[in-house]
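Report on the following structure.
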Amino acid sequence: MADRREREEKIRCDACPVMCYIADGKVGACDRYGNVGGQIVRCDPITILDRRVEAGGEVRPFLASDWDGTLSGDDVFVSGVGAGTTYPDYKPAPFIVSREIAGVDTVTVVTEAIFSYCGVKVKIDTDRHLGEEAATVRAEGEPVGHVTTSEYGSRMLSLGGVEHLTGGTKPEGRVTCDALLRLCQGDAVELTIDGGATVIVQAGHAPIVDGTREERMRVGCGSATIGMFASQWLGHVDEVVVVDDHITGVVSEHQAGKVLGWPDTGIRIKGRRSTPGRYFQVAEPGLGWGGTDIDDPLSILNPWLEKKGARPGLTLLMVSTTGEHAAYFVLDDGLVPQPAPMPEVLQASVDLIAQNCEPALCTVMFQAGAGGSLRSGVTKNPVLLTRSVQSGETRVTCGGAEVFVWPGGGITLMVDVTTMPDGSFGYVPTPALVAPLEFTLPRDAYRRLGGHDDAVRSVADVVEKGGEYGSDMRVVKDRKP
């Protein structure tokens, strides 16, 4: 009886499958919906993007009663942020808004989609070794993803996905959802890689690897660096080695050096020779020179060969692909490199390598698949929406931000989270991520697709009356470039 009385004092939220009972003045397990005076209300306001605000106006929250009616259809875009969810979509999306764009009657369908099938792709600009490919990535000790490939000056991580969100243990799902949410919201998240480094990732910020803030993305591999700067070294030094974990370059053997007429020096490099002047596996991956595990660059050299050009007094520059590490040597009478002060002209060249490096950043791309249930909130014939999106007739955005739609079946999209409005993401305890989603297309096409035409409302009506889960709204600038 006590349980029955308790439930009678609460109201049930139908915004997601958890179906929380929420007392007056409290919020549900998702922190997104609350009971305000006996009505389920979306805690965050529906968000309208205003291009005029982008020109210098302020970001201001407002209620319907404060609305001055100055927005027009061409200037505003009702986003899915704060719209609410209808999962599973047994009814039309929360807002289906009509407006005129360039003289065309246009419909934008907005919702906050619940994504169990979602994750983030993280690009970390660093020359450091973070971990082996396929190594497990953890947050708070729980597996949340894995290392994928090394790209040009970056390391890629794949985090999330339904196997981590719902296919593992309950703590794994909870921690995965929390890590994804914080990454998408632009917060810093500490990740550890099995057998590798600890890295703090924050979208739009430099990575912090094992406590050291990364500053530079390498200018290129060792071979590329040789090609870029060989002509500037000619006449100032006898040999140059660009140390890199992937491809270490040697200027006297490299095609760039040959074209410039660079003489042989008798240098010999440890590692696997690929093509002239290009060596793989000169050392193990690590946090040292050029993403290797070495602190002493001379450790990658074999004894010099006099018959191939080595001689006392021969000069050698060794440098990493970021210019962070550099050293100058002179061969002694025994053909052993001895440290020497760096000539100014070579120091300028090392500085130029550093100047040509891009700032090291973390990039977080949210990736998700819009399922059939979600699409049924847009149209009664969901597959037609898929085909319309794939043909380019229907434009898809996340919080007004441009997305990349993958070719192939379904609607699988990817978006840079830094282009979305603040506070765009949420979660439900299933666990799954919640993200805004908008479909924009001509109204004629919307009708042809079997859209919920009876649910279409004008912008003015949305502003005046709000929606099923409240009437709070805010205007933010359009963050699209």
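Solvent-accessible area of Trp406, all protein chains in place: 100 Å² (probe radius 1.4 Å, heavy atoms, ligands and nucleic acids excluded). Pairs from the table (Lys121/Lys258; Lys380/Lys465; Lys121/Lys170; Lys10/Lys91; Lys10/Lys121; Lys123/Lys258) lying more than 30 angstrom apart at Cα are Lys121/Lys258; Lys10/Lys121; Lys123/Lys258. For the stretch 346-398, the alpha carbon positions stretch 68, 19, 12 Å along the principal axes, listed from largest to smallest.
Counting each pair of different Cα atoms once, what's the Kirkwood radius of the chain in Å, rounded to one decimal? Write down the numbers at each step before the final one.
Numbers: mean 1/r = 0.0390 Å⁻¹.
About 25.6 Å, per the Kirkwood formula over Cα pairs.
The orientation-averaged projected area of the convex hull spanned by the Cα atoms of the stretch 263-419 comes to 14.7 nm².
Here's how it looks for Thr111: its modeled amide H is under 5 Å from those of Gly80, Leu437, which are all 5 or more places away or on a different chain. Take every pair of alpha-carbon atoms less than 8 Å apart whose residues are at least six positions apart; their mean separation over the length of the stretch 328-419 yields a relative contact order of 25 percent.
For the set Phe77, Phe404, the ranking by accessible area, highest first and with no ligand, DNA or RNA atoms included, is Phe404, Phe77 under a 1.4 Å probe.
Hydrodynamic analysis of the stretch 164-218 uses the Kirkwood radius over alpha carbon pairs. Inserted into Stokes-Einstein at 25 °C and 0.890 mPa s, it gives a translational diffusion coefficient of 198 µm²/s. Here the average projected area of the convex hull drawn through the C-alpha atoms of the stretch 196-315 stands at 8.6 nm². Charge dipole of the chain (Cα centre as origin; +1 on each Lys and Arg Cβ, -1 on each Asp and Glu Cβ, all else neutral): 1200 debye, rounded to the nearest 20.
For the chain, the longest principal axis of the Cα atoms and the long axis of helix 222-233 meet at an angle of about 60 degrees.
Taking only alpha carbon atoms, the stretch 100-240 gives an Rg to Rh ratio of 1.16, where Rh is the Kirkwood radius. Its relative contact order, with pairs defined as Cα atoms under 8 Å and 6+ residues apart, puts the stretch 207-330 at 27 percent. Per-residue ellipticity at 222 nm, computed for the chain from helices alone with -39500 (n - 2.57) per DSSP H run of at least four residues, works out to -5000 deg cm²/dmol. Taking H placed 1.01 Å from N in the peptide plane, check which residues at least 5 places from Arg216 or on another chain put their amide H under 5 Å from its amide H. For Arg216, the qualifying residues are Ala360. When each of the peptides 423-436, 340-353 is scored by how many other beta carbons lie within 10 Å of its residues on average, the order from highest to lowest is 423-436, 340-353.
The values are calculated or read from the model by the stated rules, or taken from the named source; none is laboratory data. These numbers were taken from a predicted model, which means no experiment stands behind them. Note that each Cβ is placed from the backbone with ideal geometry, even for glycine, and that neighbours are counted across all protein chains shown. Keep in mind that these areas ignore ligands, DNA and RNA; they rest on the heavy atoms of the full protein, side chains included. Shrake-Rupley method; radii C 1.70, N 1.55, O 1.52, S 1.80 Å.
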